[in-house]
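J.: The structure follows.
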């Protein structure tokens, strides 16, 4: 007698979590083009229809996958900034979190593809915790020197530019580098970028400048 395979019953949240995890694995291994509904379904052990039942279609699945990456990025950034102002803190932690999701996990390709297709994310403030934490540390440094810290706006600008550069780096980094005469390795000069952004944050944002000191 043929035995039928027992169906695994999962909650809606459990199913969506498994689908997004499978989609993310495909993204890391093969880029956004590898994230196909059938491939995701096969990885989870469900039908194409079941995947579409939860997310509607491939475009909506990709959009939710990008939000999934954003939520994880926000969580990891929160953990990184918790060490700000302590002996355990390193600016490298912040930079490495951003590099990991865009360079190692394929989200740069996904974000650009969705943007070109006309999709727009209405969310804002993803890196606000980073801005606020850096500003808090800088205010403390300036308070020790007995002077008022510069306004927060330049921190917002630097963090936004760093985010933009690291997000686009995996796709355009080498081409943009060549436009300015930089001959970079296959990773787009990632190690050099990390070093440069570390210097900018440490020297320009987290150092009391002589020009701000009273004469």
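The values are calculated or read from the model by the stated rules, or taken from the named source; none is laboratory data. What you see is a predicted model, and the numbers here were worked out from it, not measured in a lab. Note that each Cβ is placed from the backbone with ideal geometry, even for glycine, and that neighbours are counted across all protein chains shown.
J.: On the basis of being closer than 16 Å to residue 167 by Cα and surrounded by fewer than 20 Cβ atoms within 10 Å (Cβ to Cβ), does residue 132 make the cut? Outline the logic, then answer.
T.: Numbers: closer than 16 Å to residue 167 by Cα: no; surrounded by fewer than 20 Cβ atoms within 10 Å (Cβ to Cβ): yes.
No, not satisfied.
J.: Can you pull out the residues in the range 122-150 that are touching a residue at least 60 places away in the same chain (Cβ under 8 Å) and either within 22 Å of the chain's Cα centre (by Cα) or within 20 Å of residue 74 (Cβ to Cβ) (or both)?
T.: 134, 137
J.: Right, next: For the range 151-202, name all the residues that are outside any helix (DSSP H, G or I), surrounded by fewer than 17 Cβ atoms within 10 Å (Cβ to Cβ) and in contact (Cβ under 8 Å) with a residue 12 or more places away in the chain.
T.: 152, 186, 187, listed by residue number.
J.: Does residue 22 satisfy the criteria of being within 19 Å of the chain's Cα centre (by Cα), within 29 Å of residue 135 (Cα to Cα) and either assigned to a helix (DSSP H, G or I) or at pLDDT below 95 (or both)?
T.: no
J.: If we keep just the residues of the range 90-99 that are surrounded by fewer than 19 Cβ atoms within 10 Å (Cβ to Cβ) and in contact with a helix residue (DSSP H, G or I) (Cβ under 8 Å, 6 or more places away or on another chain), which is modelled with the highest pLDDT?
T.: Let us first name the residues in the range 90-99 that are surrounded by fewer than 19 Cβ atoms within 10 Å (Cβ to Cβ), namely 90, 92-93, 96.
Still in the list and also in contact with a helix residue (DSSP H, G or I) (Cβ under 8 Å, 6 or more places away or on another chain): 92-93, 96.
Values: 92: 85, 93: 84, 96: 89.
Top of the filtered list is 96.
J.: If you check 79, 66, which single one turns out to be in a helix (DSSP H, G or I) and either buried (at least 16 other Cβ atoms within 10 Å of the Cβ) or not assigned by TED's automatic domain parsing to the domain that holds residue 200 (or both)? Steps first, answer last, please.
T.: Working: 79 fails: either buried (at least 16 other Cβ atoms within 10 Å of the Cβ) or not assigned by TED's automatic domain parsing to the domain that holds residue 200 (or both).
Exactly one of 79, 66 is in a helix (DSSP H, G or I) and either buried (at least 16 other Cβ atoms within 10 Å of the Cβ) or not assigned by TED's automatic domain parsing to the domain that holds residue 200 (or both), namely 66.
J.: Looking only at residues that are touching a residue at least 40 places away in the same chain (Cβ under 8 Å) and assigned to a helix (DSSP H, G or I) in the range 32-63, which one is farthest from residue 170 (Cα to Cα)?
T.: Per the criteria, the residue is 54.
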